[in-house]
Amino acid sequence: MIFSSYKFIFLFFPAVWLGFLALRRWLGSTAVKVWLVAASLLFYALGQPDYALMFAATVAVNYLLMLGMDRAKKSPWRHVLFAAALVWDLGLLVYFKYLDFFKETVNLVFGTELSLLRPALPIGISFFTFQILAYTAALWRGEAKLPGALDYAVFITFFPQLIVGPIMRNEELVPQIQGDGLLEKGRIDLRRGLMLFSFGCAKKVLLATPLIDMAQEFYSGTVAFASVPAAWLGVFAYVFAYYFDFSGYIDMARGLGHFFGVELPINFDSPYKARDFADFWRRWNMTVSRFWSDTVFNNLFGFGDGIGRLIFATVATFTVSGLWHGAGWHFVVWGVVNGLLVSLANVRRVRRRKPLPAWLGVTVTFIVGGLVRVLFDANGLTQALEVYKRLFAFGEMIHVRTMWNELLYFVTTHPEGTAALVLGAAVCFLLPNTNSISKKTDFRWYDAAVCGALLGLSLFFMTGVSKFLYFNF
């Protein structure tokens with residue numbers, strides 16, 4: 001089940017929210033938390049029933065291991081239990097996401113014929129696993145306290161952020177739900193919740209969906225025979241599609257949180273306005289970038305280390321991040337290239353080089369980022385190379401009339417995708433982002449009118465909405 005669906009908007013969410021309000025009023029915090037955990041597990045089961053029990057077991061096993069760690073104090077058993085948590089969580093992640101990738105690599109290198117399992121990937125496993133591991137590691141290091149079982153269950157399963165994040169630190173959510181936090185008056189903010197949900201829904205339905213259709217048509221076709229304009233528009237359709245798909249989900253998640261009196265962290269901050277790649281990755285999927293910084297980069301680089309160490313730590317972090325995004329060598333190469341580009345920005349900053357003018361920095365970062373993204377969006381390195389050949393078919397580009405005719409043909413045969421591409425670019429570069437819009441304190445009638453119009457249009461076009469792209473990761 002996805003947020004931008006009739007079943008969610010008209011059935012699941014109203015039932016859960018009304019139940020929440022009733023229990024909040026009449027039975028207190030324990031009943032509210034039980035209700036939210038049950039609703040969140042049901043939400044997961046409705047999306048992927050085969051793995052619902054596994055997900056519930058993962059939450060229970062990790063809490064029991066944390067309980068043992070808390071009681072072990074400084075005993076060696078504390079480290080044994082932490083290791084057990086790592087084995088359980090990373091073991092599941094490796095089995096479902098990477099085992100076949102490792103087997104394929106061995107078969108390719110050594111000519112073996114190891115059989116592949118091809119298990120279906122549990123939705124959200126990359127996100128809820130990291131949230132679990134971050135809390136477990138914080139407890140192991142003594143940086144966090146063990147929460148109550150119900151508080152922990154709400155923290156991990158809370159359905160708005162369960163599938164695609166944001167990945168939260170314990171201190172960002174647990175204090176909001178501990179004790180009677182969910183009962184506090186004034187915490188529920190319906191106006192801000194509706195605003196964020198409406199904007200996020202419009203991003204997904206009105207912009208991301210037609211862009212995804214156009215991009216997937218390009219990448220699923222015979223790339224080698226695509227026209228140059230079709231290649232450029234197909235590539236940048238995915239550039240904008242991923243942004244509106246992912247940030248749309250996050251906006252909806254944050255909006256839903258407000259309906260329950262929960263503030264979820266910001267995860268996007270106009271990344272396509274970034275002036276270099278270091279700035280870009282501070283703005284894109286911010287909570288995941290923070291996780292990699294905490295767990296990889298900060299363990300490889302410390303204050304006073306030299307530039308060489310800085311480059312090594314940066315490239316290593318992005319290499320791991322690339323592999324996390326997908327089990328394929330094109331994801332690894334994508335991570336390495338991004339690591340090198342971020343290193344270039346970091347070295348320029350360390351050496352106090354004069355930054356590029358704002359307009360030039362944004363333009364270069366956006367275009368180069370879009371080209372690098374081909375490594376991410378392609379089916380593999382072979383297809384990525386074919387895409388690059390079409391993008392830079394200079395022998396064809398000199399025929400201006402032909403290029404113009406091919407562009408007109410593509411635009412006229414893809415009107416919805418082209419319109420979404422133009423509108424998406426305008427939204428990204430010219431309009432304020434939803435973070436600043438949601439900070440409004442004086443909501444007027446026209447705010448309600450805009451939200452109503454966006455939600456109404458989204459509902460009208462919701463019949464053919466695709467699943468969220470990051471469900472694949």
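The values are calculated or read from the model by the stated rules, or taken from the named source; none is laboratory data. This is a predicted model, so every value here is computed, not measured. Here Cβ is always computed from backbone atoms with ideal geometry, including for glycine, and neighbour counts include all displayed protein chains.
Checking each residue in segment 438-453 for being in contact with a helix residue (DSSP H, G or I) (Cβ under 6 Å, 6 or more places away or on another chain) and of a type in the set (A, V, I, L, M, F, W, C) picks out PHE443, CYS451. Looking at THR413, THR418, THR441, just one residue is surrounded by fewer than 12 Cβ atoms within 10 Å (Cβ to Cβ), polar (S, T, N, Q) and under 18 Å from LEU211 (Cβ atoms), and that residue is THR413. Restricting PHE303, PHE297, PHE318 to those that are more than 21 Å from PHE366 (Cα to Cα), aromatic (Phe, Trp, Tyr) and in a helix (DSSP H, G or I) reduces the list to PHE297. You will find that of PHE225, PHE277, the residue that is surrounded by 21 or more Cβ atoms within 10 Å (Cβ to Cβ) and over 20 Å from ARG169 (Cβ atoms) is PHE277 and no other. A single entry from ASN267, ASN338, ASN298 fulfils the requirement of being under 30 Å from ILE156 (Cβ atoms) and modelled with pLDDT of 95 or more: ASN338. Between TRP88, TRP17, the distinction of being touching a residue at least 60 places away in the same chain (Cβ under 8 Å), in a helix (DSSP H, G or I) and not aliphatic (A, V, I, L, M) belongs to TRP17 only. Residues of segment 366-402 that are outside any loop (DSSP other than H, G, I, E, B), of a type in the set (Phe, Trp, Tyr) and over 22 Å from the mean Cα position of the chain (by Cα): TYR388, PHE394. Exactly one residue out of LEU23, LEU36 is modelled with pLDDT of 95 or more, surrounded by 15 or more Cβ atoms within 10 Å (Cβ to Cβ) and closer than 19 Å to ASN170 by Cα, and it is LEU36.
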